[in-house]
Every structure is written in structure tokens, then in C-alpha cells.
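The values are calculated or read from the model by the stated rules, or taken from the named source; none is laboratory data. Note that the coordinates shown come from a computational prediction; the quantities given were computed from them, not determined experimentally. Cβ placement follows ideal geometry from the backbone for every residue including glycine, while neighbour counts extend to all protein chains displayed.
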Amino acid sequence: MAQDVKSSAEASPRWAMVVDLDRCTGCQACVIACHAENNIPVVGEEQAAYGRWMHWIIIQRYWEGEYPNVKARLMPVMCQQCTQAPCEPVCPVFATYHNPEGLNAQIYNRCIGTRFCGSACPYKVRTFNWFEPEFPAPLTEQLNPDVTVRSRGIMEKCTFCIQRIRRAEMDVKAEGRQLADGQVQPACVQTCPPSALVFGDLNDPNSQASQLARSHRSFRLLDELGTDPAVIYLKGGETNVPG
Ligand code: SF4
């Protein structure tokens, strides 16, 4: 990964994720890494039967072609960190807002659980805590102290592991350096075996994410809605995917 150092004159980063659909095997290692990093509870078999899941990243499966020439395709979908986010104006208590780095932040202790944001999100990537999350021992030992454990009635979602972004920013500030491309890696990016996920700053034209975003294979989900997402997909190789 390129180690270009950004000039201090550059503006705030625009954090983005590039997802190469040609590389994703659907192994779901990213899903597990996200659970572990962000203290996401496992709802269990009974609640899953009611459609209550708590993943911040889901591997969508869809079919391409007609029987018998059908292929299963896989698409990791997380919060798209939209520039024009439909979830933000509908929150009556401003629990979700846009931060200067282009992320849709969520203030958990302000959320009152109306779920308007979940209804407004066209990507359906927000999850709601229906029950008080339980982490029976020894699972308490693996809770991440950098991330709060959300309680019942709270809407939550992917933050691009903002705790890792903040930690990296503090580290380089203490060392008097600038963040280098690839220095911040959300848990899913760090874990993905075939490196299908690339995280970086779109405001840095030399970042790996920026270069991939300029690929002729790039597209964004439901782009016609005008949400201007920061998650960019690269089409699968043989045929194009919906988008
Ligand atoms: S870890 Fe990588 S390859 Fe596996 S499902 Fe997630 S994005 Fe796809």
C-alpha cells in the first residue's frame, strides 16, 4: 500500500471505502471482525428468526442469470456514509449528524429510538437494539474499551471504526507527523483475507482508495437517489452488477 504522506495544507479527509466485488468471497470474516471491534451483540437463533440482526456490515447475496446458468454474487454492504444522508434530517433530536470528515456520526446517548433514521435509510444498514445486549463471561473480557456498549432502544451503525481513526490521528499528532495512506484500517479492512476492502481519503488523489475510485469498474449503490455515498464498489469481472 502506498505510503504517500499528505501535505499539511490539505483539507479535512473525506474517508471512503472501496469494495472490490471481484475479490470478495463471502467468507464473512469482515462481519466477525466488526462484531469484535465494535462490541456488537449476537442476537441468537430465536431473534434472528424474527429478522432481528445486529450486523453493521452484511454480505448481501443476489442471483445473476437465469436457471440453469445462475451465479450467486456477493456484495458487502455497510453504512454508505452519504454526503446527502437521508437519515440525518429526520432525526428529531439530532442524534445523527454529519462530521467534518464526511462521516455520518451517531450520538448514542442522545438517541431516543424513534427509528426514523432506519426508515429513511435506503440501504437499510442501521440496526436497532431491541433488547439489552448481553455479553456473558468470558465474552466481557473481549469488549473493546474504546467503544461504548449500546443499551436497549438505541439505533446503531457502522462508523468506519471512528475509534481507530481517532487513535491514529492522536498517535501521529504526538509524533509530529501526518497520517499516511493506509495507516488507518477499520476492522473489516484489516481482516479481509483477499483485500477486497480498501479504506482511505478521497481528498488525497494519490491514496489507494482514490485511485481505485477512479477505476472504470467503479459505481455506487442507488446513485440515482443523490445520496453521494462514500462507499464505492468495483464491478465484478465477468458481468456487471446492479447499481
Ligand atoms: S472478509 Fe472480505 S472476502 Fe470475506 S466477506 Fe468480507 S469483504 Fe468479502
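Summary table below
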quantity: Among (1) surrounded by 14 or more Cβ atoms within 10 Å (Cβ to Cβ); (2) away from the ligand (no atom under 16 Å from the Cβ); (3) not in a helix (DSSP H, G or I) - the single one residue 236 does not satisfy; calculated: (2)
quantity: Enumeration of residues in the range 114-132 that are assigned to a loop (DSSP other than H, G, I, E, B), farther than 18 Å from residue 48 by Cβ and of a type in the set (Phe, Trp, Tyr); calculated: 123
quantity: Out of 182, 200, sole residue that is in a strand (DSSP E or B), touching a helix residue (DSSP H, G or I) at 6+ places or on another chain (Cβ under 8 Å), under 26 Å from residue 27 (Cβ atoms) and more than 15 Å from the ligand (Cβ to nearest atom); calculated: 200
quantity: Matching residues, the range 209-225, being away from the ligand (no atom under 16 Å from the Cβ) and part of a helix (DSSP H, G or I); calculated: 210, 211, 213, 223, 224, 225
quantity: The range 133-152, residues that are at pLDDT 90 or above, in a loop (DSSP other than H, G, I, E, B), of a type in the set (D, E, K, R) and more than 30 Å from residue 228 (Cβ to Cβ); calculated: 152
quantity: Test set (1) outside any loop (DSSP other than H, G, I, E, B); (2) in contact with a strand residue (DSSP E or B) (Cβ under 6 Å, 6 or more places away or on another chain); (3) of a type in the set (A, V, I, L, M, F, W, C); (4) surrounded by 17 or more Cβ atoms within 10 Å (Cβ to Cβ) - residue 111 fails condition number; calculated: (1)
quantity: Test set (1) small (Gly, Ala, Ser); (2) assigned to a strand (DSSP E or B); (3) within 27 Å of residue 184 (Cα to Cα); (4) within 16 Å of the ligand (Cβ to nearest atom) - residue 33 fails condition number; calculated: (2)
quantity: Count - residues of the range 41-62 that are within 15 Å of the ligand (Cβ to nearest atom) and either modelled with pLDDT of 95 or more or not charged (D, E, K, R) (or both); calculated: 7
quantity: Single condition residue 158 does not satisfy, out of (1) free of Cβ contacts under 8 Å to residues at least 24 places away in the same chain; (2) crowded, with 16+ Cβ neighbours inside 10 Å; calculated: (1)
quantity: Qualifying positions in the range 177-211 - over 17 Å from the mean Cα position of the chain (by Cα), closer than 22 Å to residue 100 by Cβ and surrounded by fewer than 18 Cβ atoms within 10 Å (Cβ to Cβ); calculated: 177, 178, 180, 203, 205, 206
quantity: Residue count for the range 15-70, restricted to those that are within 23 Å of residue 147 (Cβ to Cβ) and aromatic (Phe, Trp, Tyr); calculated: 3
